[in-house]
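This report concerns only the one structure given below.
Any read-out appearing in this document is the output of simple, stated calculations on the displayed coordinates, not a laboratory observation. Please read all numbers here as calculations on a predicted model, not as lab measurements. FYI the Cβ positions are ideal-geometry reconstructions off the backbone, even for glycines, and counts take in every protein chain you see.
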């Protein structure tokens, strides 16, 4: 039974992911979102909700037009291919979505045109000219003050000056109403850190009117009354959440819309939280529609120490990982390793470790041992012998409490924590085997009933754990229950320990759920795969060589004498603390240990490093730079960085471990 006392389990529940942009094949970080949403949707169904789960693809924009041109195909042919790849991966990952919407669907395009016209007719959209700085990859305009080191504040790439006729939405008209809504509904934006960011960085300083049409490209939904304009991507893309339910701007809504709107949860990446918590609610207010109940901006799944990037050559794809580990192992990893509000890390080494320790040992070995002992000692029969011990009560308590804890964690969207609670059941079962020592009981015929009780308790506990596991690892859950010849329990049935029918039989031959892997063999295959891809395509596994910067030429500065250079003092520093500068969108303030001193250094690298990433790094520092104030904060030196052709910054760090204070010469 659902542990949330305020929950009406007969209510509909509408959950959506962000629609994936069809610029290319999604990597495992993108795939994480659909798996996360699927686990929530499946668990809500277990709680008795009538769930509607929608995902899909975002298929318009200048970036698509340019990529299609480069590929020598039409934009529609390009997005048809990529959308097919995305849907194939979503299906491969065993996700249970109810609707896969495409923004090139005819019914969606018609409603977007109607929405644009309605907002124009009621005075929310007006025609003007836009002159500003445009980032093509992000499909976004920015003012000079919004840039970070002259680059796009979202992706760090170059921006171009642009001036064109455009339609604008009067964002400021609804800003106060949105601020009030956020203050009155603290659950609306989660985690809380995302809410604070939206309020302090965007809403409270004041909203500018939003450009909602473009004329410099054609791959988009035409404005019905001014067809030289196409609808700007965000007004197009965001409305999928209602058009996918059959919303009709004329008021003739489908029954699905009437049943499921407003959405219970928009699940999105933290990088697009602004569009979903500012633009989207304001569009809905203008349409006189209820706002979604909650927007959750999940963190990123990082490869190594940075965000996955094709230009870095560190992209992992779901199908590659599935080939090595299997679907449920990949599902387990991405769900279990992602904290609630901090970025998670994925690597081949960590996946191998989890495969061996959690899946093969804790879970797989437990099921195998239990089935094998049941066959060895009782011919496969599982019966309650009625001989109990104090240790039995503790096992039962842990199992039943875990059911309650999983429900609470899932109500709070703490999916990784919920999975930890489930595996606590399996850990407790393994400990129970060590405590009861069935092999020792089997040597004494007088202990036959006690041995039967022990094995019964194990089968019952595993049945409950496997039933809980279904939302996260559905195939594995089914395999376990099949080996035990057990039915999947409902949450209500999991309130009771002992429902497994005494006298039932387990399978004769246990199936190995997860095989242990040798790290060196897996990594050798990974390297061979990379080498084969490079040989076949003349590129890294992630990015064509033609798109990678091999060298960069910059404008030469005047020559200097050695004495000029000798005036500069370079040393290795260790960052011991770092925080964002409150009044700046691009500055971080670091406390840098240099020898026995600590210097405060302000750097314009906020778009490239989070404060928590900085702590612990050994960096190269100019230590004798004259102190200066940046945004009112004293800076006593300079951190050295390298910058590539896309404007991405990388801190210069020593190749080998060096003590803080070491001289750079």
Original post:
Listing 581, 619, 633 from the residue with the fewest other Cβ atoms within 10 Å to the one with the most, what is the order?
Top reply: 633, 581, 619
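Looking at the square roots a ≥ b ≥ c of the eigenvalues of the Cα gyration tensor of the chain, which shape do they give, rounded for a/c under 1.5, prolate if a/b is larger than b/c, or oblate?
On the way: a/c = 2.02, a/b = 1.38, b/c = 1.47.
The shape class here is oblate.
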Subject >> Cα point-scatterer Debye curve for the range 12-312, base-10 log of I(q)/I(0) at q = 0.08, 0.12, 0.14, 0.15 Å⁻¹ >> reply: -0.33, -0.80, -1.16, -1.37
**OP:** Answer rounded, prolate or oblate for the range 347-505, using the Cα gyration tensor with square roots of eigenvalues a ≥ b ≥ c: rounded when a/c is under 1.5, else prolate when a/b is larger than b/c, else oblate.
**Re:** prolate
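Mind jotting down a quarter of the surface of the convex hull over the alpha carbons of the range 562-664, in square nanometres, one decimal?
Details: hull surface 28.4 nm².
Average projection, Cα convex hull of the range 562-664: 7.1 nm².
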**OP:** Take each of the peptides 389-397, 39-47, average the number of other beta-carbon atoms within 10 Å over its residues, and list them starting from the highest.
**Re:** 39-47, 389-397
Original post:
When DSSP assigns beta bridges and you keep just the ones with both residues in the chain, what percent turn out antiparallel, to the nearest 5?
Top reply: 70 percent
Original post:
Which of the peptides 451-464, 480-493, 122-135 is most tightly packed, and how do the rest follow, judged by the mean count of other Cβ atoms within 10 Å per residue?
Top reply: 451-464, 480-493, 122-135
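Output the relative contact order of the chain, whole-number percent, from Cα pairs under 8 angstrom with separation of 6+ residues. Mind showing how you got there, number by number?
Numbers: 1133 pairs, mean separation 81.3, N = 665.
The value is 12 percent.
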Subject >> the chain: angle of helix 366-378 to the longest principal axis, Cα-based, in degrees nearest 10 >> reply: 10 degrees
Original post:
For the Cα atoms of the chain, what angle does the longest principal axis make with the long axis of helix 62-71, in degrees from 0 to 90, nearest 10?
Top reply: 80 degrees
Original post:
Under the classification rounded if a/c is under 1.5, otherwise prolate if a/b is larger than b/c and oblate if not, where does the range 317-440 fall, given a ≥ b ≥ c as square roots of the Cα gyration tensor eigenvalues?
Top reply: oblate
**OP:** Kindly express, to the nearest 10 degrees and within the range 0 to 90, the angle between helix 448-469's C-alpha long axis and the longest C-alpha principal axis of the chain.
**Re:** 20 degrees
**OP:** Starting from one equal scatterer on each C-alpha and no solvent at all, send me the Debye-based log10 I(q)/I(0) for the range 397-455 at q = 0.14, 0.17, 0.23 Å⁻¹, two decimals.
**Re:** -0.51, -0.62, -0.83
Subject >> Packing-based exposure ordering (other Cβ within 10 Å, fewest first) of 31, 218, 239, 509 >> reply: 509, 218, 239, 31
Subject >> Ranked list, fewest to most other Cβ atoms within 10 Å of each Cβ, for 253, 185, 298 >> reply: 185, 253, 298
**OP:** Just report the Cα centroid separation between the range 50-94 and the range 259-274, whole Å.
**Re:** 20 Å
**OP:** Multiply the residue gap between residue 658 and residue 145 by 0.36 nm, knock off their C-alpha separation, and tell me the result in nm, one decimal place.
**Re:** 180.9 nm
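Find the relative contact order for the range 183-283 and round it to a whole percent, using C-alpha pairs within less than 8 Å whose residues are 6+ positions apart. Walk me through the numbers on the way to the answer.
Numbers: 62 pairs, mean separation 21.9, N = 101.
RCO, the range 183-283: 22 percent.
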